[in-house]
Structures are given as structure tokens and as C-alpha cells.
């Protein structure tokens, strides 16, 4: 199918979109658009899918992605059970020529031009840069269009010289405009509803009227990963969330995340996160304690 661009209409007095979003849960499906996107998760938790990357998201996460990168933010299951939870985000959509086709080619803007070019692999904005941009985005809610434009330029210039940016996507990832969004959404919905239990590729293949072999090729073509690898990444993201909440011991989290034995859990966790679950948990709790102090 041809892709469906997701673009909210601009107001008559703005060259880019600035939006504050508040809802019971994020309801946008797997989608992409021709604009760059800067998005702050003001208040929400869940799993984010950006290109070939899957991880847990939480309050304060800040992302910059380039055009045509498919993405989806899915809240934790409790958000869909009418428990009074609220999901909030602030985001900006802008094209790289929203100030004219040659503006970012000016000598003064060469670092911003480089930033926008590199956003094709997506950035997670961390550390002091996160705090600076977050403050600017929150302040932009009260600004008039002219001042808001200057604030966006200030953010881009600041980020262009920051060392607090971490690439999200693998180096070989290439955004395109041929994603089969309907079927991918069916697949992601199935995974999110079943990843904590045994999950069988033949079941989702049958939902799409495909053979297991055809589905495997299809899935890898669109995500650049095997189905089992993708499910494992989602399980690890869920395990990270449970480790941070500190309500279960490490063995319990293994099975609550869909793993059938501790050996597999430790092996996949170390491979994806870089440390074993106990060290990840201790680092998080230590950082949280230091922030309180």
C-alpha cells in the first residue's frame, strides 16, 4: 500500500507545527512523515519503536528524528485499562526547508545542516542537553509565533554543538516511503499483546495469510531484524522497566518478561544492554538515590 503521511495542519501564522498532546494513551499507529520531529515525553511510559530500534520510554525522554523514519510510541498496558492515567508529550514537526530552501546552507548554519543530515539515524538527547531543550519546549507553550520560531532555532543551534546526542538507529538503516503500515501495525499489536507468553511466528503469519517463510522475509525486510530478535528486544525493554520499578526480584522479572529460563534472559540482556540485570538495577537505583540527595 502507499504510505499515509501523518501531518497535523499548520496554523496560518506558523511555518512549523508546535503541539502539546494530552490523552489517556498515545494512539498513533506505526507511521512516518516528511517532517523532522522533535518530541519530549512529558509524562508517559511504554515501549517505543523507531526504525529498527526498540526500547522502553519514560518521563523526560527526548528524541530528534529525521524525515520518513517510521515510529510508534505504545504505552504500558495499564494505560489502556481506564485507570485514570494520562499521557503527555510536546512535539515539533518541521521540514528542513521550512525557512527556505537555502537557509540552512548559510555559513552560519553549517553545523545545524550537519545535525539535520545526521538526524536520518535519529538522536536521543541526554544529559544537560536534555534539560536545556526540555525547559525551552515547556517555555514555548506560552510564546507567540515569532518568539517560538526563535526558540526552535536556538534549540537546533544548541543541539548542533552538543555532545549529549546518542544515535538511535543502526548505521545501515535507510528511511524510505514504502512501509506497509497496515500489516506492520497488526504485527506490532500481536507482539505487544503476547510477548510475555510463548509467542509463535506461525500464528502471526496466519493472521496475515502468509507462510512462515514468506512472513519471515517480509518482517526482516521492514524491520531489518528477525521476528525472534524483535520479540527479544521488546522483552528486554519490559525487563528494564520492571528492574527500575524494583517491585520484583531478578528471577521473577525473567519470567514476567516472557523468557523461559534465566540463562537465556541473562545472555540476551547482557548482549542488548551491555550489563547483567543486577548491575543495571543497581546503577539505576544508585542514580535515582543521588538525584534525591
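Table: residues versus (1) closer than 19 Å to residue 98 by Cα; (2) exposed (fewer than 12 other Cβ atoms within 10 Å of the Cβ); (3) touching a helix residue (DSSP H, G or I) at 6+ places or on another chain (Cβ under 9 Å); (4) in contact (Cβ under 8 Å) with a residue 24 or more places away in the chain.
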site	(1), (2), (3), (4)
125	no, no, yes, yes
135	no, yes, no, no
144	yes, yes, no, no
154	yes, no, yes, no
(request) Would you mind finding the one in 46, 84, 66 that is on the phi > 0 side of the Ramachandran plot and touching a strand residue (DSSP E or B) at 6+ places or on another chain (Cβ under 8 Å)? (result) 46
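Let's see how each residue does on (1) on the phi < 0 side of the Ramachandran plot; (2) at pLDDT 95 or above; (3) within 19 Å of the chain's Cα centre (by Cα):
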residue	(1), (2), (3)
203	yes, no, no
209	no, no, no
222	yes, no, yes
230	yes, no, yes
(request) Output yes when any residue across the range 193-200 is under 17 Å from the mean Cα position of the chain (by Cα) and within 28 Å of residue 253 (Cβ to Cβ), and no when none is. (result) no
(request) Determine which member of the set 205, 239 is assigned to a helix (DSSP H, G or I), in contact with a helix residue (DSSP H, G or I) (Cβ under 6 Å, 6 or more places away or on another chain), in contact (Cβ under 8 Å) with a residue 24 or more places away in the chain and surrounded by 13 or more Cβ atoms within 10 Å (Cβ to Cβ). (result) 239
(request) Would you check which residues across the range 26-39 are crowded, with 19+ Cβ neighbours inside 10 Å and under 18 Å from residue 79 (Cβ atoms) and list them? (result) 26, 30, 39
(request) Kindly state which helices (runs of 4 or more DSSP H) lie completely within the range 76-170 and contain at least 3 residues that are closer than 27 Å to residue 245 by Cβ. (result) 127-140
(message) Among (1) within 24 Å of residue 138 (Cα to Cα); (2) part of a loop (DSSP other than H, G, I, E, B); (3) touching a helix residue (DSSP H, G or I) at 6+ places or on another chain (Cβ under 8 Å); (4) modelled with pLDDT under 95, there is one condition residue 27 misses while meeting the rest; what is its number?
(response) (3)
(request) Answer yes or no: is there a residue in the range 143-150 that is under 20 Å from the mean Cα position of the chain (by Cα) and farther than 16 Å from residue 68 by Cα. (result) no
(message) Just to check your reading of the model, which residue among 111, 99, 72 is surrounded by fewer than 19 Cβ atoms within 10 Å (Cβ to Cβ), outside the structural domain of residue 186 (by TED's automatic domain parsing) and in contact with a helix residue (DSSP H, G or I) (Cβ under 7 Å, 6 or more places away or on another chain)?
(response) 111
(request) State all residues of the range 99-127 that are on the phi < 0 side of the Ramachandran plot and in contact with a strand residue (DSSP E or B) (Cβ under 9 Å, 6 or more places away or on another chain); if no residue qualifies, say none. (result) 115, 116, 118, 119, 120, 121, 123, 124, 125, 126
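Being buried (at least 16 other Cβ atoms within 10 Å of the Cβ), modelled with pLDDT under 90 and out of contact with any helix residue (DSSP H, G or I) (no Cβ under 9 Å at 6 or more places or on another chain) is the requirement here; does residue 283 meet it?
In short, no.
The values are calculated or read from the model by the stated rules, or taken from the named source; none is laboratory data. Note that the coordinates shown come from a computational prediction; the quantities given were computed from them, not determined experimentally. All Cβ positions, even for glycine, are placed from backbone atoms using ideal geometry, and neighbour counts span all protein chains on display.
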